[in-house]
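Chemist: After the structure tokens below, expect a handful of questions from me.
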Amino acid sequence: MQGDVEEAVEALLNAMLNLRFKADKSLLTQLTEAAQQIDLSAYTSESVERFEAALAHAKATLDNEALSQDDQAVVDRAFDDLQKAIEGLAQADGTSSLAVNGDGTLSTATNSAKTGDTAPIALASALLLAGAAVVLCKKRGTEQ
């Protein structure tokens, strides 16, 4: 019985010594999922080949369960390579592949911006000045 306990203790200690924190792959996972949604039919074959190579490397990095915090640079490099490959996708027709999407919440209404409407402040200031003028006029009238 004592021998079984000693073996279990030794196995537990070895497991604890081999315990390492895993590398953070959350950003790489998000980028890989987004990259898999890209329609590659409009891009040049050279840029698609570079993209597919970077995507394959990113997937292999994600599948590698042995990567620890010490190997975070490997994960970061795979992320950077995939991001550069996405940015490097060249349109087959020669146009820019970067699309600029505007803010869809903007409106063209003539109302004041929600962050700085000055009409109520101006009205309050005008009423305050008018009230002060009335008080001064009454005060001058009572002094004479």
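Chemist: Need the full-extension length gain, A124 to K139, defined as separation in residues times 0.36 nm minus the C-alpha distance. One decimal, nm.
Modeler: Taking A124 through K139 to full extension adds about 3.2 nm, to one decimal.
Chemist: Next question, about the same structure. Taking the Cβ-Cβ separation of A53 and R77 as r and a Förster radius of 22 Å, what is the calculated FRET efficiency to the nearest 0.05?
Modeler: Between A53 and R77 the formula returns 0.95.
Chemist: Still on this structure, I have one more. Viscosity 1.002 mPa s, temperature 20 °C: give me the Stokes-Einstein translational D for the stretch 23-96 in µm²/s, with Rh taken as the Kirkwood radius over C-alpha pairs.
Modeler: After rounding, the answer is 169 µm²/s.
Chemist: If you rank L136, L40, L82 by fewest surrounding Cβ atoms within 10 Å, what's the result?
Modeler: With the sparsest Cβ surroundings first, the list reads L136, L40, L82.
Chemist: Further, regarding this structure: Full extension from A92 to S26: what is 0.36 nm times the residue separation minus their Cα-Cα distance, to one decimal in nm?
Modeler: Length difference between fully extended and current span is 20.6 nm.
Chemist: Give me the one-decimal nm value for the distance between modelled label points at A11 and A34, 7 Å along each residue's Cα-to-Cβ direction.
Modeler: Reported label-point gap for A11 and A34 is 4.5 nm.
Each value in this text was obtained by applying a stated rule to the coordinates, not by laboratory testing. Worth saying up front: this structure is predicted, and the values here are computed from it rather than measured. Here Cβ is always computed from backbone atoms with ideal geometry, including for glycine, and neighbour counts include all displayed protein chains.
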